[in-house]
Amino acid sequence: MFNKALFKQSVKANGWMWLIITAAECFMLSCVMIISGSGNIGNVKNSVESTVVQREIDASLEKRSLSYYDLADTGLNEFDTYYLAQYPADYQDAATYQAAFETWLAQKPTKASEESDEDYAKAIATWKTTMPEAKTTPEQAYALAFESWEESMPKQDDFADAAAYRAAMQAWQNQKPSAAITSASSAFYTATLELKNATISQAEKEGYDENSDEAKEMLGAVMYALKPSNEFDEIYTSHDEAVPEDYDVTSLISHIQSGDATAYVSTTERISYREKRGQFSSSVFLADNMTKATTVAKMLDTLSEYHVTEEKYEAFGYTYASVKHTAYSTIVSYQARYDYEKSEIDTQKSKGDYADEASYQKALADMKTNLTGDLSRSLLASLPDEVSSAIEEVGKMDLYSLIVGSVFYKIAGLLLPFIYTIMASNNLIATQVDTGSMAYVLSTGTKRRDVTFTQGCFLTLSILAMFTCTLITSCICFHAVNVTDTGLNYGRLCLINLGAFLVVYAISGLNFFTSCHFDRTKNSMALGGGLSIFFLVATILGLFGSPVIPSVVRFEALNNFNDVSIITLFDVISITKGTSDYLWKDAILLAIGIVGYVAGSLRFEKKDLPL
Amino acid sequence: MKTVISIRHLTKDYGNARGVFDESLDIHEGEMMGFVGTNGSGKTTTIRCLMGFIKPTSGAVYVHGLESYKNAPIITKQIGYVPGEIAFPDLATGNDFLRSQAEFLHLSDMSHANELVKRLQLDPRAGLKRMSKGMKQKTAIVAALMANPPIIVLDEPTTGLDPLMRQAFVDIIKEEHAKGKTIFMSSHMFEEVSDTCDRVSLISDGHLIDSVNVADIENRPIQEFKIEFKKSEDYERFHHEKYPIIREQEQFQQVTISISRNEISALFESLATYDIRFISEIRYTLSKHFQEVLKERNNVQ
């Protein structure tokens with residue numbers, strides 16, 4: 001069967017071609033594997049990923065700053081309302097109490113000269129029990145204030161001379177609690193409490209438990225804006241920020257007294273006062289929150305899914321100052337746009353475009369939602385769905401096995417072996433029949449079957465040798481580069497090389513058949529080579545429609561080309577994903593090759609040779 | 001005489017009246033057979049059938065009694081074949097080619113090949129691609145003869161060779177013939193085959209027309225002469241001689257006569273009395289013979 005002389009002749013005739021093509025193939029392969037493995041491709045992927053992640057974080061920061069601001073602003077507005085509602089009653093209450101208190105005070109027994117100290121003490125004690133009971137908050141506040149005021153009465157012994165003592169006494173007298181002052185602070189207290197309860201109940205309405213982080217955050221956003229006591233100063237002092245002054249209720253009270261408080265609350269002056277306070281406090285609160293160690297740890301935990309390490313997170317640069325700046329500028333631009341949009345809506349309202357108040361309110365609410373969404377759009381949300389899912393895919397895709405497997409081994413790396421196969425299979429039979437040199441082989445008593453068997457062996461072995469070389473090259477290159485996050489390993493590289501060999505083997509079967517069938521090289525090449533190149537071109541076009549390509553650049557229609565190419569039976573995806581689909585596909589490729597060789601051989605034995 | 005190659009009712013029909021039709025021919029051992037015909041007459045087709053490269057539509061060629069198509073690997077071992085178109089395998093030099101052929105033939109002794117190379121003054125180190133037609137032909141001859149096959153088949157071997165080269169080539173073939181080998185050689189040149197072959201067959205349009213021994217043509221009993229007279233009265237007078245006149249050209253005062261060999265001296269004697277411008281023998285060649293045969297055949301048809 002095997003003819004050594006013919007095999008030698010084929011080796012001599014095709015050896016150089018084999019060597020050149022194999023060298024070129026291995027060179028190309030090593031370039032592809034080393035270049036794509038040495039970081040360039042990984043960088044693209046990483047930067048896409050980082051951009052996406054950073055923009056997502058930015059977006060959530062912006063969104064959060066807006067929601068803090070919204071809470072703060074609404075909270076302060078509500079506080080004003082509560083205060084307005086509370087203060088007059090409290091004042092009334094306090095004033096009544098103060099009157100009663102003054103009356104009671106006036107009844108304080110004076111020590112008569114005959115009275116013993118004990119009696120006097122008794123009388124004082126009796127008198128004290130008749131002190132008007134402080135039931136309501138303003139009353140208690142007044143009583144408390146009075147008590148502490150009284151206790152802080154200057155003692156004569158503390159002063160060097162009588163003049164200083166008198167001055168101190170005078171100052172102390174001026175600080176005597178009045179109904180106005182105590183009711184101011186009691187109303188503040190009550191309004192704060194109301195605001196707190198309202199905020200918590202809002203949090204509960206949104207589905208957060210009173211003790212949940214979210215509820216605490218909401219409450220914090222409101223309370224830091226209001227700053228009801230010195231307890232809230234620490235957040236500012238710890239970041240070297242100026243501590244905001246106490247919330248201005250004095251102007252409220254003075255407007256209450258002048259009777260235009262309700263109008264005052266919605267004046268531009270008051271609104272902008274609340275806004276400024278909200279802007280500052282919410283950006284500080286957010287920046288403080290974001291830079292807390294626990295928050296950072298939590299973020300890293302979530303982001304680890306996207307390969308964000310601590311260093312990478314630090315590289316993103318979420319410092320206190322930058323977060324505060326982001327939050328502040330987002331809020332400011334939100335406010336500016338909100339004002340503009342609102343004025344537009346108001347103009348429309350004045351034209352009578354809104355049927356009733358409800359539709360006007362709805363338009364306002366819609367505008368607000370749109371604005372918030374607009375300003376805090378994440379990168380993925382701001383792109384069309386297809387693009388965003390594609391970018392997400394790029395972030396998650398295994399680029400190295402895509403380049404090495406689907407692009408090189410399945411397309412680019414097949415071109416040279418295809419050219420070799422087309423040329424060699426035609427050289428081995430068709431060209432020799434066409435030129436007539438086959439006569440020298442057949443006139444020496446060589447059987448035709450021996451000719452096809454030997455030439456088939458040569459073709460198969462030369463392709464096998466070629467892919468053995470690429471296998472060795474690919475393993476060396478894979479060892480040389482250090483690629484993480486890839487589905488490739490040495491075993492899978494072997495399977496990919498085997499798959500590529502089987503594709504070329506199937507193609508060689510086809511070309512061997514046409515080579516045996518036709519007397520003319522040009523016809524054999526036209527059919528065999530043409531079909532082979534067609535398969536390759538179909539696979540190139542099909543690649544753009546195949547699932548390995550991110551959906552945004554994928555043309556689904558082109559996937560049809562994959563259905564007409566036998567290269568599709570080389571299932572790189574199955575190999576890199578570790579499924580076993582490739583097994584039966586490989587078997588079909590092998591079968592196609594064998595059928596080609598056998599059919600070609602049978603045809604060659606039967607046909608007339610023009611020698 | 002033993003028959004070596006026997007063509008029996010060989011038909012290979014390519015359609016459109018192309019191919020060969022019902023050929024029958026025997027070639028005996030030690031015979032040198034010429035095979036003449038115009039281009040496209042079917043010479044190569046016959047040889048391809050003989051070599052077993054193509055399957056006859058009907059009939060068969062037998063070599064030593066073996067049918068050629070089925071037994072091609074066996075019979076080709078006994079045949080040294082020089083194809084009509086010289087196209088060598090894709091090898092570097094003549095030496096490579098000859099060594100490769102020797103390997104195909106399982107020939108370990110290259111002495112005969114070397115001798116042939118020397119005789120043909122061939123430089124086998126030359127690259128196959130840049131060989132001239134003559135060198136290629138020589139190389140092909142060496143390849144065909146180096147295993148000393150008992151049968152040699154040559155398909156138009158001298159086409160494209162210059163006259164000197166052709167002579168050297170013919171000498172070698174003649175030498176092989178002298179060694180007792182059976183030679184079957186096709187050509188489209190009558191002179192060539194008549195010069196070298198024992199027997200010549202004519203093929204025309206796929207039909208084997210005639211087969212003749214060259215010696216019979218050369219030594220034909222009847223000879224023809226053309227005579228031109230200076231004077232018209234001589235021309236007139238000659239008509240009264242007994243020689244059969246086959247052609248007259250009165251304007252040149254020429255006659256052509258056909259006489260048997262033994263009458264030649266008598267003719268010259270009688271011509272002595274005439275004033276003649278010239279006398280020439282019209283040779284009866286193979287070509288003339290076949291032309292006549294073809295003419296006859298066409299008339300019959």
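Read-outs: derived from the displayed coordinates by stated rules, not from any lab. As the structure is a prediction and not an experimental result, all values here were calculated from the model. In this analysis, Cβ positions are derived from the backbone assuming ideal geometry, glycine residues included, and neighbour counts consider all displayed protein chains.
Of note:
- Pairwise inverse Cα distances across the protein assembly as shown, averaged and inverted, put the Kirkwood hydrodynamic radius at 40.0 Å.
- Nearest-ten-degree value, helix A:268-290 long axis tilted from longest Cα axis of chain A: 50 degrees
- Rounded, prolate or oblate (a/c below 1.5 giving rounded, otherwise prolate when a/b exceeds b/c) for the range B:1-88 by Cα gyration tensor: rounded
- Crossing angle, helix A:293-303 versus chain A [Cα axis fit, 0-90 degrees, rounded to tens]: 30 degrees
- Counting only lysines at least 8 places from residue A:276 when in the same chain, those with an alpha carbon closer than 17 Å to its own are A:227, A:324.
- The Kirkwood hydrodynamic radius of the range B:221-283, based on inverse pair distances between different Cα atoms, is 11.6 Å.
- In terms of its C-alpha gyration tensor, the range A:449-587 has an oblate overall shape, because the principal axis ratio a/c (a ≥ b ≥ c, square roots of the eigenvalues) is not below 1.5 and a/b does not outweigh b/c.
- Beta bridges by DSSP in the protein assembly as shown, antiparallel share as percent, to the nearest 5: 70 percent
- Cα long-axis angle, helix A:162-174 against chain A (0 to 90 degrees, to the nearest 10): 60 degrees
- Scanning chain B for DSSP H helices at least 27 Å long along the axis (C-alpha atoms) with a Kyte-Doolittle mean no lower than 1.0 picks out nothing.
- For residue A:591 and residue A:480, the FRET efficiency from 1/(1 + (r/R0)^6), where r spans their Cβ atoms and R0 equals 30 Å, is about 0.25.
- Links that overshoot a 19 Å alpha carbon limit, given the list B:2/B:179; A:8/B:136; A:447/B:12; A:607/B:12; B:242/B:295: A:8/B:136; A:447/B:12; B:242/B:295
- For the pair residue A:204 and residue A:135 in one chain, pulling the backbone fully straight at 0.36 nm per residue adds 21.7 nm over the alpha carbon distance.
- Here's the list of lysines a cross-link from residue A:108 could span, going by alpha-carbon distance under 26 Å and ignoring same-chain residues fewer than 8 apart: A:122, A:128, A:135, A:155, A:176.
- Straight-line cross-link partners of residue A:111 among the aspartates and glutamates, defined as a Cα under 17 Å from its Cα and at least 8 positions apart when in the same chain: A:119.
- A full extension of the chain between residue B:297 and residue B:17 corresponds to an added length of 99.0 nm, given 0.36 nm per residue minus the alpha carbon distance.
- For chain B, adding -39500 (n - 2.57) for each run of n ≥ 4 DSSP H residues and dividing by the number of residues yields -10000 deg cm²/dmol at 222 nm.
- Highest to lowest packing among A:501-509, A:576-584, A:399-407, scored as the average C-beta count within 10 Å: A:501-509, A:399-407, A:576-584
- Sorting A:462, A:113, B:194, A:30 by the number of Cβ atoms found within 10 Å of their own Cβ, with the fewest placed first, yields A:113, A:30, B:194, A:462.
- Per-residue mean of C-beta atoms belonging to partner chains within 10 Å, peptide A:194-204: 0
- Each helix, a run of at least 4 DSSP H residues, gives -39500 (n - 2.57); summed and divided by the residues of chain A, these come to -24500 deg cm²/dmol at 222 nm.
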